[in-house]
Amino acid sequence: MCRSIKTLRPPVQPEVTEEDIHAAALQYVRKVSGFRAPAAHNRAVFDQAVAAVAAATAALLAGLEVRGSGGRASE
């Protein structure tokens, strides 16, 4: 579905920034909603969705254990 979202976990992406996570979340919400930029009356819910997806992504990456890396994906 979101082919332009890049893989963020190590070793594919050794260092992940908040900007990387936000960009992936924004791309996902854009794809799901069908809006590149929401109208003013949808801005709050759009931004909330981006924040929620970014938080879920950060939690996922922090909890992943990548075999052979000696620890968690965020280490």
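Being assigned to a helix (DSSP H, G or I), surrounded by 12 or more Cβ atoms within 10 Å (Cβ to Cβ) and among the small types (G, A, S) is the requirement here; does A23 meet it? Judged against the criteria, A23 is a match. A40 meets the conditions (1) touching a strand residue (DSSP E or B) at 6+ places or on another chain (Cβ under 6 Å); (2) over 23 Å from V66 (Cβ atoms) in every case but one. The failed one is (1). If I filter segment 2-19 for residues that are open to solvent by less than 50 Å² (accessible area, probe 1.4 Å), at pLDDT below 95, part of a helix (DSSP H, G or I) and among the charged types (D, E, K, R), do I get at least one hit? Looking through segment 2-19, none of the residues is open to solvent by less than 50 Å² (accessible area, probe 1.4 Å), at pLDDT below 95, part of a helix (DSSP H, G or I) and among the charged types (D, E, K, R).
Is it the case that L61 is surrounded by 12 or more Cβ atoms within 10 Å (Cβ to Cβ), modelled with pLDDT under 95 and assigned to a loop (DSSP other than H, G, I, E, B)? The answer is no for L61.
Among the residues of segment 26-46, those that are among the hydrophobic types (A, V, I, L, M, F, W, C) and surrounded by 10 or more Cβ atoms within 10 Å (Cβ to Cβ) comprise L26, V29, V32, F35, A44, V45, F46. Taking the criterion of being within 16 Å of L61 (Cβ to Cβ) and either free of Cβ contacts under 8 Å to residues at least 12 places away in the same chain or among the hydroxyl-bearing types (S, T, Y) (or both), the residues of segment 19-34 that qualify are E19, A23, Y28. Looking across segment 26-58, the residues that are in a helix (DSSP H, G or I) and among the small types (G, A, S) come down to S33, A40, A44, A49, A51, A52, A54, A55, A56, A58.
The values are calculated or read from the model by the stated rules, or taken from the named source; none is laboratory data. Worth saying up front: this structure is predicted, and the values here are computed from it rather than measured. In this analysis, Cβ positions are derived from the backbone assuming ideal geometry, glycine residues included, and neighbour counts consider all displayed protein chains. Surface accessibility is based on the protein's heavy atoms, side chains included, excluding ligands, DNA and RNA. Shrake-Rupley method; radii C 1.70, N 1.55, O 1.52, S 1.80 Å.
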